[in-house]
Amino acid sequence: MRKLTFVVITSIIGLSPMQLANACGDKTMRVRTGLRYYQTQAASHPSTILIHSRALPAGKASELRDSLNKVGHKATAIDDIGRVSNDLRTRHYDLILTSLAEASNLQKEVNSLTPKTVVVPVLFKPSKAEEVAAQQYKVKVKNPTDLIDFLIAVNKAMKQANKV
């Protein structure tokens, strides 16, 4: 009787029972890795993040910066690698998001200026050679699809730097 009532109610509303089960594999439903978890982490341990804009597709760096700021981090996006280097001399960052091509040079510079800063390469559809080159980094963002992928990397990097 209950099953019949459920079927009648869902057919009246216009929903099929299959439409109700669509969110089972949704990324936001992951335990301990949903947006709310990382919002509380960012609120209790905000990080200063420098985003090298060329590491991301056009226009995405400003979106990522705004999203990270909204969550509770303090993010800055810079286009030119020269400005990134100058900014590293004047300000302290906990994390730098950059491309794999620029990561090794930035890592050397970071080690000389602020050794606690973590350099995180962002990889989009990496080749085998790029995957091998990226293995030297403990934290990397591989094929990011949404904000949560970056929040996971930030949280992991801060745990490794013992800031969380």
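Spin-label pair Lys138-Tyr37: with each label point 7 Å from Cα along the Cα-Cβ axis, the two points sit 2.0 nm from one another.
Assuming R0 = 25 Å, can you tell me the calculated FRET efficiency for the pair Lys128 and Asn105, based on Cβ-Cβ distance, to the nearest 0.05? Intermediate values should be presented prior to the final figure.
On the way: r = 22 Å, r/R0 = 0.89.
So, using R0 = 25 Å, E works out to roughly 0.65.
Ignoring ligands, DNA and RNA, what percent of the 1.4 Å accessible area of segment 55-126 is carbon and sulfur?
Numbers: 1790 of 3640 Å².
C and S atoms contribute 49 percent here.
When the charge dipole of segment 42-82 is built from unit charges on Cβ atoms (+1 for Lys and Arg, -1 for Asp and Glu) and taken about the Cα centre, the candidate among Leu68, Ala43, Ser53 whose Cα reaches farthest toward its positive end is Ala43. For Lys142, nonlocal amide neighbours, meaning residues 5 or more places apart or on other chains whose placed amide H falls under 5 Å from its own, are Leu123. Over segment 45-164, accessible surface divided per residue gives 52 Å², non-protein components excluded, 1.4 Å probe. Each residue of segment 91-103 is assigned a 3J(HN,Hα), and the resulting list reads 10, 9, 10, 7, 8, 10, 9, 8, 7, 5, 5, 8, 4 Hz, derived from the Karplus form 6.51 cos²θ - 1.76 cosθ + 1.60 (θ = phi - 60°), x at Gly and Pro. Annotation: amide H-H contacts under 5 Å for Val118 (H modelled 1.01 Å from N, sequence separation of 5 or more, or interchain): Leu95, Ile96.
The values are calculated or read from the model by the stated rules, or taken from the named source; none is laboratory data. Since we're looking at a predicted model, the values are computed, not measured. All Cβ positions, glycine included, derive from the backbone under ideal geometry; neighbour counts span all protein chains shown. For accessibility, only protein heavy atoms count, side chains too; no ligands or nucleic acids. Shrake-Rupley method; radii C 1.70, N 1.55, O 1.52, S 1.80 Å.
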